[in-house]
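Comments concern the structure below.
What follows is calculated from the coordinates using simple rules that are stated; it is not laboratory data. None of the values given here were measured: they were computed from a predicted structure. Quick reminder, even Gly has a Cβ in these numbers, built from the backbone with ideal geometry, and neighbours come from all protein chains shown.
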Amino acid sequence: MATKNTEAEGEPGVEKRKKKKAQQAEDEEAPKSKKRARVEGGSEAVDHVSAADNTEETGKAKKEKASDSVKGQGRGRGKGKPVSAGRGDSSRPSALKMLRPKAGRSHTLSVALPASIIDNCQSFELKAVMVGQIARALTIYAVDEVVLYEDQVDAPKSKDSEGVSKGMAFFVRNLQYLETPQYLRRQLLPEHPDLKKVGLLAPLDAPHHLRKQEKLAYREGAVMNKDASNYPAAPDDESVGCWVNCGIDAPVWVSGEDIPPATRVTVRLQGKIAGKPDEDDGDGFYRGVAVDPREPTLKLGLYWGYQTRIATTLRAAFEECAYEGGYDLTIGTSERGETLGMSKIAKFKHLLIVFGGVGGLEDAVVDGTSGYETATAPSELFNRYMNVCPNQTSRTIRTEEALMITLAALSPHLPER
């Protein structure tokens, strides 16, 4: 019995020896190169080389796959399209629509904002960000004119802008900076402490902020300095005229007018650069004509940015209108106004929408800078006195919020822009 138990217990040992011999036989049949590598650098060396080769192959495969996806050769059901080349691409429906010529329009939309809302911000950065939000709203809803009016008699005065408050000067500088096309800012706008945070602000991407390669009949430009080293010679037989920087690969010659340097002009372009492939550029350089800034809107229906106007009083916001005949429809916004539907907006040629500050239009009217008697009812100054957000669930709506709410509510009921 003892012997039987010993043999039974020894059977596993026999199996282990057989497996060990089989493993040795497999090792002897391994490739000589692998044996040599193990002898020279150990088994770890071979493993590292193999891993590196695999990693390199995997990386190449990933690059090839990524390249295929860029070319539109993905494996999905869709056909695939080339990836956008970046900011130069204008294939978005909104970009194509806003640059497409339409029937000209002569009606205008203006808004009036109080300068005091700048002083209500808690920091310099918040002041800049708020102006950026307002500029974006003006551009999105195609506002043609923004009127900034003084509404606090005791507001701190600007040290370098005579006759206006410190908040007004900051407001105007930042609005004008954002409205100016990027390629003209260095030439037209000098450095100023009020502009030190403009880098925080989102660009407007307005129709007149054209990319270098985009072709349109009009462009904004700035007259070049004749004393500059890069100022080209005048064309033959044309002594009267000037070269204008329009943000393209070469200056544009505007003949017949000697405009002072560093003056911003709207230029109607000629030839292929204006998007007219059938027209020849002729002399080997670009030509254009200086026109009224409203011409792109009047003739082609293009939105061409907003004009910024300063009003020293609320009364001046109405009476110093730049349009012939003045504003024929005025709307005041207040939570004390009527809550009738927006669809009842009358037809107009020049519309002005006025917003109040922290205390609303009621405080703006009784302030010493308003130009009105203190007993004047704000509702008497407007054709419509409206509450555009009657169901608000916040005690206050900030002016920049009221601007966006009002323009969004009115937009469907205004003529196409």
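What to note about this one:
- Over 22 Å (Cα to Cα) - which of K97/K212; K127/K166; K299/K344 fall in this group: K299/K344
- Rounded to whole numbers, the Karplus 3J(HN,Hα) couplings from phi for the stretch 166-181 are 4, x, 4, 4, 4, 4, 5, 4, 6, 5, 5, 4, 5, 6, 6, x Hz, using 6.51 cos²θ - 1.76 cosθ + 1.60 with θ = phi - 60°, and x at Gly and Pro.
- With N counted as the residues of the stretch 218-300, its alpha-carbon radius of gyration over 2.2 N^0.38 Å works out to 1.05.
- Close amide-amide hydrogen proximity is noted between T369 and V153, each under 5 Å apart and 5 or more residues distant or on a separate chain (H modeled in the peptide plane; Pro and chain starts excluded).
- Exposure proxy order (Cβ contacts within 10 Å, fewest to most) of S116, S123, S379: S123, S379, S116
- For S165, the residues 5 or more places off, or on other chains, whose built amide H falls under 5 Å of its own are S158.
- Amide H within-cut-off set for T108, under 5 Å, with H built and near neighbours excluded: H350, L351
- Dipole of the stretch 298-387, positive direction: furthest Cα of L361, C321, L351, with charges on the beta-carbon: L351
- Counting only the Cα atoms, the stretch 173-215 fills a convex hull of 77 Å³ per residue.
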